[in-house]
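Here is the structure we will look at.
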Amino acid sequence: MPAKGDAFDFNLHAVYLWTATNMTFDELRLRAEALLPWAAGIVRERAVDLAREHEPHRAHDLEQALNNLLMHQRWPQEAHLPQFTVRLRVSLDERVRERLRPYWEQRIKLECDHELEKIRTRQADDLTRRWAAVLQNLQDEPVTAHAARLTGEQFAEVFHHYVAERRAIVPGLVELLREAVKGHNDLGLGPSEYTQAWDAALRAYERQQGLARQTR
């Protein structure tokens with residue numbers, strides 16, 4: 001069956017369903033076999049114009065269009081003869097199939113790589129969250145901090161450096177917050193939502209880190 005442009009063809013595979021009344025199975029089979037060439041001609045006649053409207057790599061679209069066209073039709077019209085309905089499957093010209101193969105190989109590879117990266121990202125995110133929770137718990141609880149030594153020398157060493165680095169930046173950050181609040185007061189700006197928010201943040205952070213507010 002020629003596709004659009006007549007350079008390539010579609011391959012049509014028809015499945016016929018024959019029915020009849022007041023007829024034995026053997027008689028139905030013999031009559032259906034005799035009518036089969038005629039039935040194939042009917043299908044070809046209905047399909048040829050529609051096939052030429054579809055590009056050679058659009059076999060699936062043509063299959064849907066043909067089955068929508070033929071699904072409610074029955075032949076022949078004479079009641080005393082066996083009647084058939086047809087269901088079509090459309091496949092690509094082998095030449096078109098070979099041209100499409102590199103495209104589908106690349107697409108499959110890209111989709112598989114994308115799915116693999118999604119799995120890796122989810123696993124990395126889950127692992128990061130779990131370790132963050134563990135480290136936060138070890139840092140906040142003195143008992144568990146000492147218990148970290150029991151999990152292995154390498155982990156205990158890494159955790160020790162982690163806590164030391166976290167604690168090292170605390171004084172500098174607190175001092176920065178204090179200077180920000182003090183600077184606004186020195187300028188005589190007076191109390192405001194801005195300075196009050198800074199001061200509240202500073203006090204909360206000092207309490208969290210166990211630092212006493214120095215009297216100025």
> For residue 125, what charge total do you get from the other residues with a beta carbon under 14 Å from its beta carbon, if Lys and Arg give +1 and Asp and Glu give -1?
Replying inline: +3
> Between Rg and the Kirkwood Rh of region 1-93, both from Cα atoms, what is the Rg to Rh ratio?
Replying inline: 1.05
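FYI, it's all coordinate maths here, none of it is from the lab. Predicted, not measured: the structure shown is a model, and the values here were computed from it. Cβ coordinates were reconstructed from backbone atoms using ideal geometry, including for glycine residues, and neighbour counts include every protein chain displayed.
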